[in-house]
Amino acid sequence: MDTPPPQAPVQYSSSFSPPSVTTARPENRINRPPFSSPLATRLSPQRSLQDQLLLSSSRSIGSPDTVSGVSSSSPPTQFSTPPGPPIFSSPLRPAAVPFQTSPASPQPIAFSSGSTLPTSSPPNFTNGTTQFPLQYTSAVEETVESPYVLFSAHKVLKRKKQANVSSLGFGALVTPGKEINPGPQVVQRDAYRCQNCGAYSNIYSEVLISSGQWQCVICKRLNSSDGEYIAASKEDLRHLPEFSSPTIDYVQSGNRRPGYVPVSDSRMSAPIFLVIDECLDEAHLQHLQGSLHAFVDSLPQNMRIGIITYGRTISIYDFSEGSVASADVLPGGNSPSEESLKTLIYGTGIYLSPMHASLSVVHTIFSSLRPYRLNLPEAVRDRCLGAAVEAAMAIIQGPSADMSRGIIKRPGGNCRILVCAGGPNTYGPGSVPSSLSHPNYPYMEKTAMKWMEHLGQGAHRNNIIVDILCAGTCPVRVPVLQPLAKSSGGVLLLHDDFGEAFGVNLQRASMRAAGSHGLLEIRCSDDILVTQVIGPGEEAPADAHETFKNDSSFCIQMHSVEETQSFSLSMETKGDIRNDYVYFQFAVRYWNVYQADISRVITMRLPTVDSVSQYLGSIQENVVAVLIAKRTLLHAKTAADAIDMRITVDERIKDIASKFGLLLPKSKLVRFPKELSTLPEMLFHLRRGPLLGNIVGHEDERSVLRNLYLNASYELSLRMLAPLCLMHREGGTFEELPAYDLSMQSNSAVVLDHGTDVFIWLEGSSQARYFVSRLIPAHKDPPYEQEARFPQLHTLSAGQRARLKASFFHTDDQSFCEWMRSLKLVAPEPS
């Protein structure tokens, strides 16, 4: 029977999603490519586009995004400059095999109808499985497009030896929390699941309409629907959501809440704690104060806020004195003692107060902050960041169960701790020496990383997300801080200063909506094996999910469920495939921001083929490039590893050419397969750009970029990998050009979108160096190669071309064509 969808909750604007953390470990998966090696992770300034967060760079721009929920549509944000940053999510900690973690364009769904069996054809049982009559034909309209799942190919090779080419690989990008409009069909009842393997009934399930029994597409067992699927004809079943759409949201409000709660109530119940570095110089402090004043003015009036400042001590501000600002001070050299925390929690102080009651006091607190007075370098100033976060967590959690007569008052959503840091944690728990040359620095750093990860895990268990927003020129020791952000489900971002970009990200952080208690279950046909998962989660323990008799699913415990985070899946075939299709089902179960229990079920199938040419023609090059980049960056843990990974990219390209390319006659050169014409160029951007190259200055910046990439959505990942180059034309239009330095022409303005940074170049502008470092140096190539790959050159006169050539300086950097020739390969013709 049809069930009306629930009333949509009040909507709200989106927020940012973060990058991830440190602790990645060497890849541990089946059939590792022979040329792979461990790597490094780091990165650089950031900007914003619709898929990630505005990072450090003041050159960045972005646009708001939507948040997760049962439905999605967001009003304009309260702040207008700069454009809202993209949203992204944080990575996760490493998990058991085969799960791997980083040290961490919606298209319309082609809906199709469900199918049923004729009542005159009873099933035949064989070893518990059901063999349906051969004359039965499915009424499902074929589709391999989904806004939630992007496969690297739309067909699967039947022969194992051909399919399992590790250099190219087969896999998928899964974005389970993505919101589209219109969204999935909503069903307010329990789903029907296979009692053998746990899979859900879906659009591809065969149904016996006389009895209502349905066949599981994963294990082929027959299951009861308690009469729900009994119908007069198969057309009648198409009215049921699970038989009319490949994606379904099963919604249960449960008894945690009587139903959906208004956004204002949800926001009020999930407080924000600002943890502010008080060791800043005057210039940085002035920028920070401006950003903080604007930030609190943008918050809802019923939002609860707390403020802590930290240096050598921890100052916890008390709002109980009305219009007077006062603070309780704790030492920062150790974790806050139980006695001191009891005094705070059970005393008369108010440390979380709604904005409508405390806005003036909050402004007074920000205005009263003073610059650091001692004559010490930024890097050696005592900062007890770890202890300050511990104190904030204790206040958010409040009384324990035994001290509140068994009544635990928990916030209605993820609480947030926003850390505003200008330097490393050098004092107290989780600290490291100020100097990298300290004889015990490696050991102390490792110890600090473990402590921070443990602290982040504790925050995650209590639905507290820790976002760390860093700014300034002082190294913050990213490897130490990132485990805290990552394991809590938060993000660590770097900014040039505490100015506009920092302020926008602070506002985005406060509005970012994240689901909690997320669990992603992956089920595939018996022919398919998931060998690796990269993304913002970890392998779930056995007691974290329901278990079924023969459940072979791979389960991932998600730190948060957000719209712009994604998981990268690597898969292989177990043997030669005999069936015409292979099936995939992705089910994410989580609590949304309104505390409704959501089960989103996405079911897809791919046809199998014998022909290699058909397989190559179905390959989605952009998806393949993003999957390869994520697998590569997982091993980029240090700068030295990044250099090794460039070699890995070279070997991967050569191996793909040897498997699918064509040896040229009377030559030792191999032509790269024409079906993959854009893949080599995207991987060339990977090896020389900010992810594996050295065009971004500090290793902290490179580390942040790589960690962000490992969890980023497909759209953001693609732009971070290969920049989008747009030339401004008359009439206000833009022409997309290849990302070559030949675009830097004297009479044109050019925009370069590199995912986390957007650059605008005019002749003679100071940003020329940023541009040229991110573009392929094609000016070195002979004219015929330039014209083949950059057709716009045909529009230039001989004089203009001569002036363009003369404008470039000599460089030892290889062009794309030179790189391919150095590998004994011939680049495919541009498509």
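The values are calculated or read from the model by the stated rules, or taken from the named source; none is laboratory data. Not measured: the values here are computed from a predicted model. Positions of Cβ are generated from backbone atoms using ideal geometry, with glycine treated the same way; all protein chains shown enter the neighbour counts. In case anyone asks, the SASA skips ligands and DNA or RNA and just uses the protein heavy atoms, side chains included. Shrake-Rupley method; radii C 1.70, N 1.55, O 1.52, S 1.80 Å.
Conditions (1) under 30 Å from Asp650 (Cα atoms); (2) modelled with pLDDT of 85 or more; (3) not charged (D, E, K, R), marked per residue:
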| site | (1), (2), (3) |
| --- | --- |
| Met720 | yes, yes, yes |
| Asn747 | no, no, yes |
| Asp753 | yes, yes, no |
| Thr795 | no, no, yes |
| Lys824 | yes, yes, no |
| Glu829 | yes, no, no |
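Among the residues of the stretch 486-507, write down those that are outside any loop (DSSP other than H, G, I, E, B) and either at pLDDT below 90 or touching a helix residue (DSSP H, G or I) at 6+ places or on another chain (Cβ under 7 Å) (or both).
Within the stretch 486-507, Lys486, Ser487, Ser488, Leu492, Leu493, Leu494, His495, Phe502, Gly503, Leu506, Gln507 qualify.
Being among the aliphatic types (A, V, I, L, M), closer than 30 Å to Arg706 by Cα and open to solvent by 60 Å² or more (accessible area, probe 1.4 Å) is the filter here, so list the residues in the stretch 641-671 that pass it.
Ile643, Ile647, listed by residue number.
Just need a number here: residues in the stretch 746-757 that are open to solvent by 10 Å² or more (accessible area, probe 1.4 Å) and within 21 Å of His685 (Cα to Cα).
2
Identify the residue in the stretch 269-293 that is buried (at least 20 other Cβ atoms within 10 Å of the Cβ) and modelled with pLDDT under 95 and, among all such residues, is farthest from Pro371 (Cα to Cα).
Of everything passing the filter in the stretch 269-293, Ala270 is farthest from Pro371 (Cα to Cα).
Among the residues of the stretch 235-253, write down those that are of a type in the set (D, E, K, R) and either at pLDDT 95 or above or crowded, with 20+ Cβ neighbours inside 10 Å (or both).
Glu242, Asp249, listed by residue number.
Restricting attention to the stretch 328-342, which residues are open to solvent by 40 Å² or more (accessible area, probe 1.4 Å) and touching a strand residue (DSSP E or B) at 6+ places or on another chain (Cβ under 9 Å)?
Asp328, Val329, Pro331, Ser337
Can we say Ile365 is open to solvent by 70 Å² or more (accessible area, probe 1.4 Å) and among the hydrophobic types (A, V, I, L, M, F, W, C)? Step through it out loud before you land on a result.
Values: open to solvent by 70 Å² or more (accessible area, probe 1.4 Å): no; among the hydrophobic types (A, V, I, L, M, F, W, C): yes.
Against the criterion (open to solvent by 70 Å² or more (accessible area, probe 1.4 Å) and among the hydrophobic types (A, V, I, L, M, F, W, C)), Ile365 does not qualify.
Are there any pairs, at least 6 apart or on different chains, whose C-beta atoms fall under 9 Å, with the first in the stretch 360-380 and more than 18 Å from Ala421 (Cβ to Cβ) and the second in a helix (DSSP H, G or I) and open to solvent by 40 Å² or more (accessible area, probe 1.4 Å), and if so, which?
Val362/His293; His363/His293; His363/Asp297; Ser367/His293
What are the pairs with Cβ atoms under 9 angstrom where one residue, in the stretch 159-170, is within 18 Å of Pro607 (Cα to Cα) and the other, located anywhere, is open to solvent by 10 Å² or more (accessible area, probe 1.4 Å) and basic (Lys, Arg)? Sequence gap at least six, or different chains.
Correct list of pairs: Lys160/Lys574; Gln162/Lys659; Gly169/Arg631.
Among the residues of the stretch 480-500, is any of a type in the set (D, E, K, R) and buried (at least 24 other Cβ atoms within 10 Å of the Cβ)?
Initial filter on the stretch 480-500 (of a type in the set (D, E, K, R)): 486, 496-497, 500.
With the extra rule that they be buried (at least 24 other Cβ atoms within 10 Å of the Cβ), the set shrinks to 486.
Scanning the stretch 480-500, I find at least one residue that is of a type in the set (D, E, K, R) and buried (at least 24 other Cβ atoms within 10 Å of the Cβ), so the answer is yes.
State the number of residues belonging to the stretch 727-748 that are closer than 16 Å to Leu793 by Cα and not in a strand (DSSP E or B). Reasoning before the result, please.
We begin by selecting, within the stretch 727-748, every residue closer than 16 Å to Leu793 by Cα; these are 727-729, 735-748.
If we keep only those that are not in a strand (DSSP E or B) as well, we get 729, 738-739, 741-748.
Final tally of qualifying residues: 11.
Somewhere in the stretch 731-742, is a residue surrounded by fewer than 22 Cβ atoms within 10 Å (Cβ to Cβ), over 29 Å from Val174 (Cα atoms) and among the charged types (D, E, K, R)?
There is at least one residue in the stretch 731-742 that is surrounded by fewer than 22 Cβ atoms within 10 Å (Cβ to Cβ), over 29 Å from Val174 (Cα atoms) and among the charged types (D, E, K, R).
I'd like the full set of residues that are open to solvent by 20 Å² or more (accessible area, probe 1.4 Å), out of contact with any strand residue (DSSP E or B) (no Cβ under 7 Å at 6 or more places or on another chain), more than 30 Å from Ala514 (Cα to Cα) and not in a helix (DSSP H, G or I), limited to the stretch 153-184.
Matches in the stretch 153-184: Arg159, Ser166.
Name the one entry in Lys805, Lys824, Lys780 that is crowded, with 18+ Cβ neighbours inside 10 Å and over 35 Å from the mean Cα position of the chain (by Cα).
Lys780 is the lone residue from the list that is crowded, with 18+ Cβ neighbours inside 10 Å and over 35 Å from the mean Cα position of the chain (by Cα).
Specify the residue that is farthest from the chain's Cα centre (by Cα); the eligible residues are those in the stretch 546-561 that are open to solvent by less than 10 Å² (accessible area, probe 1.4 Å) and either under 23 Å from Ala625 (Cα atoms) or β-branched (Val, Ile, Thr) (or both).
Step by step, filter the stretch 546-561, then rank; the result is Ile556.
For the stretch 564-582, which residues satisfy the criterion of being within 20 Å of Leu627 (Cβ to Cβ) and out of contact with any Leu (no Cβ under 8 Å at 6 or more places or on another chain)?
Listed by number, the list holds a single entry, Gln565.
Name the residues in the stretch 440-461 that are at pLDDT below 95, open to solvent by 10 Å² or more (accessible area, probe 1.4 Å) and closer than 28 Å to Gly503 by Cβ, would you?
Correct list: His460 only.
Report whether or not Gln767 is open to solvent by 20 Å² or more (accessible area, probe 1.4 Å) and at pLDDT 80 or above. Break it down stepwise before answering.
Values: open to solvent by 20 Å² or more (accessible area, probe 1.4 Å): yes; at pLDDT 80 or above: no.
Criteria not met by Gln767.
In the stretch 615-631, is there at least one residue being modelled with pLDDT under 95, under 20 Å from Ser146 (Cα atoms) and among the acidic types (Asp, Glu)?
No, every residue in the stretch 615-631 fails to be modelled with pLDDT under 95, under 20 Å from Ser146 (Cα atoms) and among the acidic types (Asp, Glu).
Considering only residues of the stretch 299-327 that are at pLDDT 90 or above and of a type in the set (D, E, K, R), which is least open to solvent (accessible area, probe 1.4 Å)?
By that ranking, first place goes to Asp318.
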